Each structure stands twice: as C-alpha cells, then as structure tokens.
Amino acid sequence: MDLGRWQVDLISAGTLALDGGAMFGIVPKPLWEKKIPADEKNRIPLDTRCVVLRDGERLVLIDCGMGTQWNDKERDIYRIDAHLDASLAAVGVTPADVTDLVLTHLHFDHAGDTARLDAAGTPRLTFTNARVHVGRRAWELAHAPNERDRGSFRAQCWAPLDGAERPRVVLVDDRDGRASILPELDAMVCEGHTTGQLLPLIGAADQRALYGADMFPTRAHVPVPWHMGYDLRPLVVMEEKRRLVELCVAERITLIHEHDTRFPTSSLSRSATGELSAS
Ligand SMILES: [Zn+2]
C-alpha cells in the first residue's frame, strides 16, 4: 500500500486476548460475540497491528505491541504471543533501522516493546536509533495515572525514555484536536479513551489512512456506541468517533484497525438511506 510519500506495511507485533466484556463496554455479549467469539475465559483474540512507513529517508514504526517484559503468569492471563522482530524481518527491517517510533499512547499493548531487559535485567531501548514521538499530554498522564487506568501502564516498558535527552523523546503538542508529527504524517488527537491519544493520519490527498488505535480497535468498534469499557470518558469517545467516522466517509480515508485479527482495514461508506457500512 502506498499513501502519499509513504510506502506502507501493516505488520503484527503479536497477539493477546482481553476480556470481551471490557472490550465492548455496555454492548451485551449476545451482540458482540457474534462479531468476535470469546474463549472459555470470556477473552477475545486481539492483534497488535503496527504500521511501518518508508519514504526512502525515514523508517517510521507506529506502536510496537506488548513487548517481552512479561512473566509466565501474565503471558497466560493475556494469552500473549509477541513477535515484533520476526514481523519486522519479514518486511526487511531490523529494530535498529527504525528512525522514528510513534506511540499513540502509553498503554502496555501499544508501547510495550519500547524497551527490553538486557542480560543484567536493565531496561534498554529496543529501537536504538529512533526518536520516540508521543503526545505531550499522554506522556504526562502516563507518569501520573489515575486509579481507573493505572493498570494499563507499565513504566518499565518505557523507563529508558525518562532519562533520555531531547530530541530522543519528541513530546507532540496538539492544537484544535490535530497534531503534526512528520511530513504527511499528522494525527487526530482524542481525549475519550485516554488523554491525548494520537491517531496517526498517514498520506496525502486521496491516499490517506487513519490509524484507529483504541478508538476503532476492530471493525466491530466502528458503530459509535460500540466502544471499550476501558475508556476514561465514554461520552467524549462517542463524540470523537462520530466526527472521525464522518471524516473517513467524506474524505475516503481508510481506517486501520490495530487490534482486529481478521480485518486489518475498513473502508467506510454511507448508503443512500444513510446507513453506515464498513468493508
Ligand atoms: Zn489504550
């Protein structure tokens, strides 16, 4: 896929499984399980789909999955299978090739592989040559989480960034819900799921895709009321989703689903009667 200046690869950093009820908020199970069936522990399978962008100069990675800092019990609870390096290798990339890592937010299933433990047990940056772009307000929240989303942050995943000098860490500022990261790589900034989440908008003109992160984690999450129980601000999520859906329909922007194991992308359209469909 080409989007403007960028050659684009969608790759899987691995899979996990989370509680289906938590993934679908107030949607009743008989409805959501028709879309994504649950296992015997009520968990649904999720991908951690990342984006690799190349323009001949930069190599950008958007989000990096769960990473490797998990013990056996945690791997079992979340059914973790992390394999970012193999997926990067399949498109000819090593972690050292990444020039820019963009983190939509710092929840563990998005920023988990920012650091790995070395032989001495010290966390070291995985992408040794990359600048790391993260929303300023998402960064601040992650360093002072509230009781509701504390469990979604694991500081050891990004610990080496805390002492890192600028410009190793680029704190992205936003204005009127938009931010600029790199040429032809902007972001829509959302407050509903977590504070200052970046949804990268890739490409230019009629070749654009929106990385849905935790606003549109799967195709089943396209309908406005179908959103996660994890969201900090549910009513804000719904408003933001409504706006983003209309933007994607009106401007023919492809949606990329970070967590959908079956549908990597969706094209949104409205029928003559106004019905929204995703295919
Ligand atoms: Zn999240």
| Once the piece of chain linking Thr128 and Ala144 is laid out straight, how much longer is it, given 0.36 nm per residue of separation minus the C-alpha distance between them? | 3.1 nm
| task | Kindly rank 75-83, 54-62, 187-195 from highest to lowest mean number of other beta carbons found within 10 Å of each residue. | result | 187-195, 54-62, 75-83
| Cα gyration tensor shape for the stretch 75-143, rounded if a/c is under 1.5, else prolate or oblate | rounded
| message | I need the per residue convex hull volume for the stretch 2-278, using only the alpha carbons, in cubic angstrom as a whole number. | response | 132
| field | Relative contact order for the chain, counting Cα pairs under 8 Å that sit 6 or more residues apart, in percent | value | 18
| request: Would you mind calculating the gained length between Val236 and Ala204 on full extension (0.36 nm times residue separation, minus the Cα-Cα distance), in nm to one decimal? | output: 8.8 nm
| Using a Förster distance of 35 Å, how high is the FRET efficiency between Arg168 and Ile77, based on the Cβ-Cβ distance and rounded to 0.05? | 0.60
| said: Could you tell me how far the Cα centroid of the stretch 210-244 sits from the Cα centroid of the stretch 1-41, in Å? | reply: 12
| Test item: Cα-centred dipole of the stretch 52-176, Lys/Arg +1 and Asp/Glu -1 on Cβ, debye | 180
| task | Go through Ala90, Ser267, Leu201 and say which Cα lies farthest out towards the positive end of the charge dipole of the chain; charges sit on Cβ, +1 for Lys and Arg, -1 for Asp and Glu. | result | Ser267
| query | When Ser87, Ser152, Ser180 are ordered from fewest to most other Cβ atoms inside 10 Å of their Cβ, what list results? | reply | Ser180, Ser152, Ser87
| message | Only four residue types carry charge here, +1 at the Cβ of Lys and Arg and -1 at the Cβ of Asp and Glu. Report the dipole size of the chain about the Cα centre in Debye, rounded to the nearest 20. | response | 320
| message | Number of Lys pairs in the chain with C-alpha atoms less than 24 angstrom apart, excluding same-chain neighbours closer than eight positions? | response | 5
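All of the numbers you see were taken from the coordinates with simple rules; none came from a lab. For clarity, every value in this text was computed on a predicted model and none was experimentally measured. Cβ: placed from backbone, ideal geometry, glycine included. Neighbour counts: every protein chain shown.
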